[in-house]
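Chemist: Pasting in a structure now, in structure tokens, and then I'll have a few things to ask.
The values are calculated or read from the model by the stated rules, or taken from the named source; none is laboratory data. Quantities reported herein were computed from a predicted structural model and do not represent experimental measurements. Cβ placement follows ideal geometry from the backbone for every residue including glycine, while neighbour counts extend to all protein chains displayed. Surface areas here come from the heavy atoms of the whole protein model, side chains and all, with no ligands, DNA or RNA. Shrake-Rupley method; radii C 1.70, N 1.55, O 1.52, S 1.80 Å.
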Amino acid sequence: MKILVINPNISQDVTALIEKEAKRAADRDTEIIMETAPFGVEYIETRMEAVIAGYACSCVAAERYGQYDGVVIAAFGDPGLTGVKELLNVPVVGMTEAALASACLLGQRFSIIAISDRIAPWYRETVERSHLSTRLASIRSLKDPLKNVGTVQEDYTDRLLEMCKEAVQKDGADVIILAGAPLAGLARSLEGKISVPVVDGVSSAVKHCESLVKLGPGIAAEGSFAKPPVKPNKGLPEKLAAILNRTC
């Protein structure tokens, strides 16, 4: 099995964190194909940045078309997820939807730990899109400007742990979701330090994607996730246009 894991951020440091956790989570016979967005921003905080990142993910998925059995969009908030699901005939899984699915299997109410205040509204809307707002206990986030997106875990270890404990003790969370690719792998280091289950988005997405590939549920030929209709287009990358035009 080959899974394409796309970092929609342009940070290579974050890509390294994602790849390390994805490979630790994957089955032995699963090959992780890691790609970084060819354009965009260092890390996504806003809706506009998510729009750019979604297009970048589409371009990467098209460029690698035919080389994978499933795709993971490795940014919390799932930029471009629903569009890429329409585009491809393989399972496409987002970090957020995978983490939420895992959290719902582990408890009734979950809290999300985020790396910035600005990012919280977008995360809340992502939860609403999944129709799980009634199970969201809280979103807690770091307040200080990030020194380096690739070293968030090291720079804010104590505060991240404190926020997790506050979410449990003050907000009533049954499960903690560590949100954002820069926090990939942190759940492993927090094991035993928090009194409720902790969910990592990257490992959840990889395992759910593997499961969907093995289940072989078929593709959407009808319904809202059927491929976009063929129509004139202009200025798109060659391989993306070929998928849309049904010429590959």
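Chemist: What are the principal axis extents of the Cα atoms in the chain, in Å, biggest first?
Modeler: Cα extents, longest axis first: 55, 36, 35 Å.
Chemist: Where nothing but the Cβ of Lys and Arg (+1) and of Asp and Glu (-1) is charged, how large is the charge dipole of the chain around its Cα centre, in debye to the nearest 20?
Modeler: It works out to roughly 440 debye.
Chemist: How do 61-71, 145-155 rank on mean C-beta neighbours within 10 Å, highest first?
Modeler: Values: 61-71: 18.5, 145-155: 15.0.
Final packing ranking: 61-71, 145-155.
Chemist: Same structure, new question: Counting only helical runs of four or more DSSP H residues, what would the 222 nm mean residue ellipticity of the chain come to if each run contributes -39,500 (n - 2.57) and the total is spread over all its residues? Don't jump to the answer; show the numbers that get you there.
Modeler: Numbers: 10 runs with 103 residues, N = 248.
Result for the chain: -12500 deg cm²/dmol, rounded to the nearest 500.
Chemist: While we're looking at this one, here's another question. For region 79-210, what is the charge dipole size about the Cα centre, in debye to the nearest 20, if Lys and Arg each add +1 at the Cβ and Asp and Glu each add -1 at the Cβ?
Modeler: Values: 15 positive and 16 negative charges, 32 e Å.
Value, rounded to 20: 160 debye.
Chemist: Quote the accessible area belonging to Ser11 in square angstrom, nearest 10, computed with a 1.4 Å probe and with ligands, DNA and RNA left uncounted.
Modeler: 10
Chemist: Of the heavy-atom accessible surface of the chain (probe 1.4 angstrom), what whole percent is carbon and sulfur?
Modeler: Details: 5810 of 11540 Å².
It is 50 percent, rounded to a whole number.
Chemist: What length, rounded to one decimal in nm, is gained on full extension from Lys239 through to Asn89, with 0.36 nm per residue of separation minus their alpha-carbon distance? Don't skip to the answer; put the middle values down first.
Modeler: Details: separation 150, 0.36 × 150 = 54.00 nm, distance 1.50 nm.
Gain on stretching Lys239 to Asn89: 52.5 nm.
Chemist: In square angstrom, rounded to the nearest 10, how much accessible surface does Thr134 have for a 1.4 Å probe?
Modeler: 130
Chemist: Right, something else. If R0 is 35 Å, what FRET efficiency do you get for Arg64 and Thr157 from their C-beta distance, rounded to 0.05?
Modeler: Working: r = 35 Å, r/R0 = 1.00.
E between Arg64 and Thr157, to the nearest 0.05, is 0.50.
Chemist: Oh, and also: Assigning unit charges at the beta carbon (Lys, Arg +1; Asp, Glu -1) and nothing else, what dipole magnitude in debye, to the nearest 20, does region 1-71 show about its Cα centre? Kindly include the intermediate steps, with their values, before the conclusion.
Modeler: Values: 7 positive and 12 negative charges, 22 e Å.
Around 100 debye, computed over region 1-71.
Chemist: Which order do the peptides 127-133, 138-144 take when ranked by the mean count of other beta-carbon atoms within 10 Å per residue, highest first?
Modeler: On the way: 127-133: 14.3, 138-144: 16.6.
Result, highest mean Cβ count within 10 Å first: 138-144, 127-133.
Chemist: With point charges of +1 on the Cβ of Lys and Arg and -1 on the Cβ of Asp and Glu, referenced to the Cα centre of region 43-197, which listed residue (Leu161, Val149, Val92) lies farthest in the positive direction of the dipole?
Modeler: Towards the positive end, the residue furthest out is Leu161.
Chemist: Along the charge dipole of region 174-244, Cβ charges K/R +1 and D/E -1, which of Ile243, His208, Gly223 sits furthest on the positive end?
Modeler: Ranked along the dipole, the leading option is Ile243.
Chemist: Between Ser130 and Glu222, what is the label-point separation in nm under the 7 Å Cα-to-beta-carbon projection?
Modeler: Reported label-point gap for Glu222 and Ser130 is 3.0 nm.
Chemist: Also, quick follow-up: Report, to the nearest 10°, how far helix 157-169 tilts away from the longest principal axis of the Cα atoms in the chain, using its own Cα long axis and a range of 0 to 90°.
Modeler: 80
Chemist: With a/c under 1.5 counting as rounded, go ahead and sort region 88-145 into rounded, prolate or oblate using the C-alpha gyration tensor (a ≥ b ≥ c being the square roots of the eigenvalues; past the cut-off, prolate if a/b is larger than b/c, else oblate). Mind showing how you got there, number by number?
Modeler: Details: a/c = 2.08, a/b = 1.36, b/c = 1.53.
Oblate.
Chemist: What is the local net charge at Asp13, summed over the other residues whose Cβ is closer than 13 Å to its Cβ (Lys, Arg +1; Asp, Glu -1)? Walk me through the intermediate numbers first.
Modeler: Details: positive: Lys20, Lys147; negative: Glu19, Glu42, Glu154, Asp155.
Every neighbour counted, the sum reads -2.
Chemist: While we're here: Mind checking the per residue accessible area of the chain for me, 1.4 Å probe, whole number of Å²? Display every interim value, and only then the final one.
Modeler: Values: 11540 Å² over 248 residues.
For the chain, the per-residue accessible area is 47 Å².
Chemist: Go through region 156-238 and name the GluC sites (Glu not before Pro) that are in a DSSP coil and have 11 or fewer other Cβ atoms within 10 Å of their Cβ.
Modeler: Details: sites: Glu162, Glu166, Glu191, Glu210, Glu222, Glu238; in loops: Glu191, Glu222.
Those that pass, being in a loop and sparsely packed, are Glu191, Glu222.
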